[in-house]
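Okay, structure first, notes after.
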Number of protein chains: 2
Amino acid sequence: MVHSFDIALANRLADAAGDAIRPLFRGSWADERKGDASPVTEADRAAEAAMRAILEAECPADGIFGEEYGAIREGAGRQWVLDPIDGTISFMAGRPIFGSLIALVQDGWPVLGVIDQPISGERWVGRIGEPTTLNGQVVRTRSCRELADAVLATSSPHYFSAEEAEPYMALAQAVGRNKRQGMIVYGGDCYNYGLLAGGHLDIVCEAGLKLHDYAALVPIVEGAGGTMSDWQGNPLDAGSDGSVLALGDPARLEDVLEAMSGHGLHHDHGH
Amino acid sequence: MVHSFDIALANRLADAAGDAIRPLFRGSWADERKGDASPVTEADRAAEAAMRAILEAECPADGIFGEEYGAIREGAGRQWVLDPIDGTISFMAGRPIFGSLIALVQDGWPVLGVIDQPISGERWVGRIGEPTTLNGQVVRTRSCRELADAVLATSSPHYFSAEEAEPYMALAQAVGRNKRQGMIVYGGDCYNYGLLAGGHLDIVCEAGLKLHDYAALVPIVEGAGGTMSDWQGNPLDAGSDGSVLALGDPARLEDVLEAMSGHGLHHDHGH
């Protein structure tokens with residue numbers, strides 16, 4: 001059970017991050033080319049600093065692990081994991097599909113997660129054992145009867161290493177076969193997991209993610225009826241290897257793992 | 001010169017398309033799997049039908065070429081070119097970065113273009129010889145001093161044929177070298193060209209586009225100070241081969257063509 005105090009606190013963190021980020025969205029990039037003080041760096045730092053100030057005041061015993069300012073009180077059982085701007089390239093390019101990620105990780109397990117999109121004003125909140133909400137309304141993943149029906153999302157083909165590209169491509173070929181066009185959505189970062197939680201797409205497949213990239217996503221996807229794992233099907237915790245799968249329909253996990261291992265094609269043709 | 005009547009008409013077409021599309025965004029996809037009457041098909045058709053009805057009433061002598069309902073009066077000097085939902089996959093996945101495209105093509109040349117995003121309420125309007133606007137405010141592309149500084153966008157790696165993938169990858173390797181991370185935005189379709197017109201990214205590189213995909217983009221990008229061409233540097237008209245480049249800074253066109261021809265690396269190292 002996640003205490004309502006922590007949920008309210010996570011909402012306040014998201015508010016503070018959004019207030020710091022919004023004025024810098026679609027700002028001029030003239031400065032960015034001169035060095036470190038880019039709008040995205042500035043927005044990242046300002047948002048994380050605002051969140052850390054609230055946490056220090058309200059929960060001085062909790063650990064904090066942020067993308068910009070690192071870790072403090074690493075031994076604490078409660079860790080706030082912060083990624084002020086997930087989807088940096090979308091933020092830089094002026095696309096309103098990046099997000100602020102806030103997670104509460106308890107003894108290594110994510111129990112509370114927030115994806116906040118401060119431009120469109122969309123906020124997904126997930127907590128263990130409770131239904132996920134988008135702006136306060138309960139959302140649910142959708143069912144997916146077979147892989148050939150699935151819509152797949154991933155942020156960028158460049159995020160896969162050479163060894164990771166092969167299982168990814170095997171999955172890409174297995175999905176969307178029942179459609180006239182390939183059903184793969186590129187770009188989107190954390191926003192894709194919110195859309196999956198809302199039943200708008202079926203699978204997100206990524207690799208190379210850090211704890212601050214995926215911790216918040218787990219309670220959101222699972223609270224909406226989906227499942228998350230690494231590419232071997234293991235649950236995600238603070239020690240995961242950064243390979244990430246999210247499925248709206250947990251019944252398709254075996255098919256996805258089979259397709260990615262290169263053994264899914266025969267099974268699929270059998271339908 | 002584009003007559004103000006045509007600009008007002010194009011705005012009314014975009015209003016009508018948005019009214020048809022908005023109720024179907026993030027609709028249930030249960031029906032979609034049963035056959036043809038998918039929400040995206042329904043939205044596509046309803047939006048194009050609404051636009052065609054206005055055009056038939058207001059400009060009965062003009063030709064119309066629409067993605068869904070084909071061509072009528074193909075011999076007319078004035079052709080309205082319509083793509084009710086460009087970025088079908090984004091629409092399907094619930095991402096507010098698809099768009100309705102409306103172009104007026106005169107004797108084969110696009111002279112007026114609209115990109116309308118009906119969820120975020122963003123509308124880019126471009127006409128030959130006039131500054132491009134976003135929701136009525138003039139927008140400008142940004143300068144890009146060298147390719148290594150550029151942010152590149154493309155909708156999907158799967159849209160390139162095997163022969164097209166090579167020049168694309170050569171360009172992808174040439175951009176963003178001055179950054180810590182690759183500066184390539186994936187996904188986005190027509191929305192990327194609006195962001196380029198607003199100075200948020202530098203290059204869009206795509207292939208396999210149809211007239212209804214690119215006609216509206218030309219006046220928008222060029223009216224904002226950028227340039228568009230095919231992959232050989234030729235201006236885009238109704239007979240182009242579907243390879244498309246958009247540059248915010250026309251001074252970089254030669255560098256881009258050089259990079260794509262595989263001869264850009266040496267030149268680049270010379271900086």
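The values are calculated or read from the model by the stated rules, or taken from the named source; none is laboratory data. For clarity, every value in this text was computed on a predicted model and none was experimentally measured. Heads up, the Cβs are rebuilt from the backbone with ideal geometry, glycines too, and the neighbour counts pull from every protein chain shown. Just so you know, the surface numbers come from the protein's heavy atoms only, side chains and all, with ligands and any DNA or RNA stripped out. Shrake-Rupley method; radii C 1.70, N 1.55, O 1.52, S 1.80 Å.
The mean number of partner chain beta-carbon atoms within 10 angstrom of a residue's beta-carbon across peptide B:199-210 is 2.
From a point 7 Å beyond the Cα of A:Ala238 in the direction of its Cβ, which residues of the range A:49-66 have a backbone N at a distance under 13 Å? Answer for this model: A:62-66. Between the amide H of B:Ser156 and those of B:Gly187, distances stay under 5 Å, these residues lying 5 or more places away or on another chain, with hydrogens modeled in the peptide plane.
Summed over both chains, the area buried between B and A is near 3300 Å², taken from the accessible surface of protein heavy atoms with a 1.4 Å probe. Fully extending the segment from B:Arg145 to B:Ile54, taken as 0.36 nm per residue of separation minus the present Cα-Cα distance, adds 28.3 nm.
Our summary gives the range B:147-260 a relative contact order of 30 percent, counting only alpha carbon pairs under 8 angstrom and 6 or more residues apart.
For chain B, the solvent-accessible area of protein heavy atoms averages 38 Å² per residue (probe radius 1.4 Å; ligands and nucleic acids excluded).
All C-alpha pair distances within the range B:38-173, sorted into 10 Å bins from zero, spread as 10, 30, 36, 20, 4, 0 percent across the bins.
Ranked from shortest, the separations from the 7 Å Cα-to-Cβ label point of B:Glu74 to its equivalents in the other copies are 6.9 nm. Semi-axes of the equivalent ellipsoid for the range B:122-203, computed as √(5λ) from the eigenvalues of its C-alpha gyration tensor and ordered from largest down, come to 25, 16, 11 Å. The modelled label-to-label distance between B:Ala165 and B:Gln137, using points 7 Å beyond Cα along the C-beta direction, is 4.1 nm.
For the range A:147-260, give me the percentage of DSSP beta bridges that are antiparallel, rounded to the nearest 5 percent.
The antiparallel fraction comes to roughly 60 percent.
Centre-to-centre separation between the Cα atoms of the range B:89-114 and those of the range A:99-176: 29 Å.
Distances between equivalent label points of B:Gly208 across the copies, with each point positioned 7 Å along Cα→Cβ, amount to 2.3 nm, shortest listed first.
Within the range A:58-114, report the GluC sites (Glu not before Pro) that DSSP leaves as loop and that have at most 13 other Cβ atoms within 10 Å. Of the GluC sites (Glu not before Pro), the ones in loops of the range A:58-114 whose Cβ has at most 13 other Cβ atoms within 10 Å are A:Glu74.
Note on chain B: with a GNM built from Cα contacts shorter than 10 Å, the maximum mean-square fluctuation among B:Cys205, B:Cys59, B:Cys144 falls on B:Cys59. Using a Gaussian network model of chain B in which every pair of alpha carbons under 10 angstrom is joined by a spring, one finds that among B:Gly226, B:Gly87, B:Gly70 the greatest mean-square fluctuation is at B:Gly70. For chain A, set up a GNM with springs between Cα atoms under 10 Å and report which of A:Ala150, A:Ala197, A:Ala46 has the largest fluctuation. Largest GNM mean-square fluctuation: A:Ala46. Note on chain A: Cα-only Rg and Dmax are 18.3, 59 Å.
Contact order, relative form, for the range A:4-132: 20 percent (alpha carbon pairs under 8 Å, 6 or more residues apart, mean separation divided by residue count). Per-residue Karplus couplings for the range B:215-230, computed as 6.51 cos²θ - 1.76 cosθ + 1.60 with θ equal to phi - 60°, are listed in order as 4, 5, 6, 4, x, 5, 5, 6, x, 8, x, x, 9, 10, 7, 7 Hz, Gly and Pro entered as x. Remark: mean inter-chain Cβ contacts per residue of A:113-122 equal 1, using a 10 Å Cβ-Cβ cutoff to other protein chain atoms. Residue by residue along B:94-100, Cβ atoms of other protein chains within 10 Å of the local Cβ number 5 on average. Distance between the modelled labels on B:Arg78 and A:Arg177, one decimal in nanometres: 5.0 nm (7 Å Cα→Cβ projection).
Applying Stokes-Einstein at 20 °C and 1.002 mPa s to the Kirkwood radius of the protein assembly as shown, computed over alpha-carbon pairs, gives a translational diffusion coefficient of 89 µm² s⁻¹. The string of couplings for the range A:193-208 from the Karplus curve (6.51, -1.76, 1.60, θ = phi - 60°) is 6, x, 5, 4, 4, x, x, 9, 8, 10, 9, 10, 10, 9, 9, x Hz, one whole number per residue in order, with x for Gly and Pro.
Sorted shortest first, the distances from the B:Gly129 label point to those of the same residue in the other copies are 7.1 nm; each point sits 7 Å from Cα along Cα-to-Cβ.
Relative contact order for the range B:48-190 using alpha-carbon pairs under 8 Å, separation at least 6, rounded to a whole percent? Don't skip to the answer; put the middle values down first.
Values: 236 pairs, mean separation 22.1, N = 143.
Relative contact order here is 15 percent.
Evaluating kT/(6 pi eta Rh) at 20 °C and 1.002 mPa s, with the Kirkwood radius of the range B:147-260 over Cα pairs in the Stokes-Einstein relation, gives 156 µm² s⁻¹.
The string of couplings for the range A:92-98 from the Karplus curve (6.51, -1.76, 1.60, θ = phi - 60°) is 4, 8, x, 9, x, 10, 8 Hz, one whole number per residue in order, with x for Gly and Pro.
Using a probe radius of 1.4 angstrom, the carbon and sulfur fraction of the accessible surface of the range A:122-271 is 49%.
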